[in-house]
């Protein structure tokens, strides 16, 4: 899922991670064990700070996994909701006086697209009004 600004424009892709940002917990554990094995027994390092860092990394990994799961659920929910538009007439924000029949819903890397009876594909975010199948007003999509 791609992040979007409040006004609907796409945000730039995040920069690739480098250095310690790419370490997973297994790699970090190996670094800790290596450091502990190589330290001077007469002047040991503070392992508490290392364990705090390991705990932080595990928490970040858990948050990242949860974020991916929630994003996937939101995507599925949006797609399922959009599917209920099939057979309904909609008007877009760009062309509010020309309601058209929804014939299909597709999902791509660009987001959810609404297929119309005239062959046009419009972004789900551009749906301004949802009309009943008979053309009666079903409410605004905003």
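Please treat every number below as a calculation from the coordinates, not as lab data. Keep in mind it's a predicted model, so treat the numbers as computed, not measured. Here the Cβ positions follow ideal geometry from the backbone for every residue, glycine too, while neighbour counts run over all protein chains shown.
Some values worked out for this structure:
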| item | result |
| --- | --- |
| Potential extension, residue 74-residue 108 segment - 0.36 nm per residue separation minus Cα distance | 10.8 nm |
| Cα gyration tensor shape for the range 84-140, rounded if a/c is under 1.5, else prolate or oblate | prolate |
| Zone of residue 121's modelled label, taken as backbone nitrogen in the range 84-103 under 14 Å from a point 7 Å along Cα→Cβ | 103 |
| The range 46-116, Cα convex hull volume normalised per residue, Å³ | 99 Å³ |
